[in-house]
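Trainee: This is the structure I have questions about; it appears just below.
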Amino acid sequence: MSQRYFEDPEHARLYAKYRTVPPPNLIKRVIGYLEEKVDAKGRQLALDFGCGSGQNTNTIAPYFFRVVGLDISEAQILEARKKSPRENAEFMVSPAEAAPFSSSSAQLVTSCVACHWFNLPNFYKEVERLLVKNGVAAFYAYTLPSIVDHEKAEELNEALCDVIHGSLGRYWGDGIRHLENHYKEIDVPFSKEVVRESFISKSDKSLSDVVAMVTTFSAYQTMKRIEGNEAVEAMTEKFQKRIRESIGTAENMPSEKVTLTVKEDWSLVMGRKG
Ligand SMILES: C[S@@+](CC[C@H](N)C(=O)[O-])C[C@H]1O[C@@H](n2cnc3c(N)ncnc32)[C@H](O)[C@@H]1O
């Protein structure tokens, strides 16, 4: 069954602001793999399922004549349209398991941090239907983030883990296990060869952006709905306090000025329609 945790407009706004894009070398690898059998002129249509506010859709847009981001959440699609997308990018509300496109119409189908929420057997069948011969399916995601390159990294990650696995632990849906096991169970069942590769991305974020990133997690939004604003705010307050104490941040230093390096481990699973 597909799992719907991204319907709230406020959640969609947070997504548009704080979610990261896939690392450039991952995108290059996907396009390079496609190019082995499909030249630039043949790259007419790419479909990006579970596009959210469109970060990945806009990233692949320069390589295609037309790119369409699809998402089951109307709130996410409204945000994607607001974010001045690339000229050749469009967005539409649609379930990933039944897209309004003809068979054999797309050279590339992607899903970025999304397909683990879909009904996978139905999604795989739909991707096979949509792809042209030699078209590529590429599904990628990052595991839950960690804080690195800091002498107190261990302590800082304990604080982050307590939020992700402790307070939020019971609010994650089933799909999250695919992130925890690095997409090992995600497949491209119709492809003779399935490529599995890993990529790392690191970025400097302020402490307030790390907190904002936590608020984009589906589990945070579920906890907020069930336990209320005060509970989630108390959790992020406690988290910030722990981080600030570990680093020894001066009291008058705003969290916007406290910099942390955040690492994301990306897993790519891709294959080709024969
Ligand atoms: C974790 S977000 C990822 C968004 C975006 N691709 C990104 O990289 O940030 C997952 C998205 O998948 C969408 N989604 C979940 N189930 C879906 C389904 N069955 N069909 C289409 N979209 C779905 C959600 O609405 C949400 O926007």
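Trainee: Whenever you get a sec, compute what percent of the accessible area on region 9-272 sits on carbon and sulfur atoms (1.4 Å probe). If you can, show how the numbers build up before the last one.
Mentor: Numbers: 5830 of 11950 Å².
Percent of accessible area from carbon and sulfur atoms in region 9-272: 49.
Trainee: Between 121, 145, 85, find the one with the highest GNM mean-square fluctuation for the chain; connect C-alpha pairs within less than 10 Å.
Mentor: 121
Trainee: Now for a different question. May I ask you to derive the relative contact order of the chain, considering only C-alpha pairs under 8 Å and at least 6 residues apart, and to give it as an integer percent?
Mentor: Values: 504 pairs, mean separation 62.8, N = 274.
Once normalised by length, the contact order is 23 percent.
Trainee: Given the Cα-Cα distance of residue 204 and residue 192 and 0.36 nm per residue of separation, how much length would full extension add, in nm?
Mentor: Length difference between fully extended and current span is 0.4 nm.
Trainee: Further question on the same structure: Kindly report the accessible area of region 9-272 per residue (heavy atoms of protein chains, probe 1.4 Å, no ligands, DNA or RNA), in Å².
Mentor: That works out to 45 Å² per residue.
Trainee: In the full protein assembly as shown, how much of residue 244 is accessible to a 1.4 Å probe, in Å² to the nearest 10?
Mentor: For residue 244, solvent-accessible area is about 40 Å².
Trainee: I'd like the GluC sites (Glu not before Pro) in region 147-231 restricted to DSSP loop residues with at most 11 other Cβ atoms within 10 Å, sorted by number. The partial results should precede the final answer.
Mentor: Details: sites: 151, 154, 155, 158, 180, 185, 193, 197, 227, 230; in loops: 151, 185, 193.
Those that pass, being in a loop and sparsely packed, are 151, 185, 193.
Trainee: Between residue 133 and residue 244, 0.36 nm times their residue separation minus their Cα-Cα distance comes to what? Each step should come with its number before you reach the end.
Mentor: On the way: separation 111, 0.36 × 111 = 39.96 nm, distance 5.38 nm.
Extra length available between residue 133 and residue 244 comes to 34.6 nm.
Trainee: Once the mean 1/r over all distinct Cα pairs of the chain is inverted, what Kirkwood radius in angstroms do you read off?
Mentor: Values: mean 1/r = 0.0516 Å⁻¹.
Roughly 19.4 Å, rounded to one decimal.
Trainee: Taking the simple approach of a point 7 Å from Cα along Cα-to-Cβ for both residue 177 and residue 25, what is their distance in nm?
Mentor: Label at residue 177, label at residue 25, 3.2 nm between them.
Trainee: Given a cut-off of 25 Å, name the pairs among 28/257; 37/125; 28/83; 28/82; 202/257; 125/192 whose C-alpha atoms lie farther apart than that in the structure shown. Each step should come with its number before you reach the end.
Mentor: Numbers: 28/257 33 Å; 37/125 22 Å; 28/83 23 Å; 28/82 27 Å; 202/257 18 Å; 125/192 15 Å.
Beyond 25 Å: 28/257; 28/82.
Trainee: Related question: On a full-extension model of 0.36 nm per residue, what is the gain between residue 155 and residue 227, subtracting their alpha-carbon distance, rounded to one decimal in nm? Spell out each step's value before the answer.
Mentor: Numbers: separation 72, 0.36 × 72 = 25.92 nm, distance 2.69 nm.
That works out to 23.2 nm of additional length.
The values are calculated or read from the model by the stated rules, or taken from the named source; none is laboratory data. Just so you know, these numbers come straight off a predicted model, no measurement behind them. When we count neighbours, we look across all protein chains shown, and the Cβ atoms used for this are built from the backbone with ideal geometry, even at glycine. The protein model used for the area step is the full one, side chains on, heavy atoms only, and it has no ligands, DNA or RNA in it. Shrake-Rupley method; radii C 1.70, N 1.55, O 1.52, S 1.80 Å.
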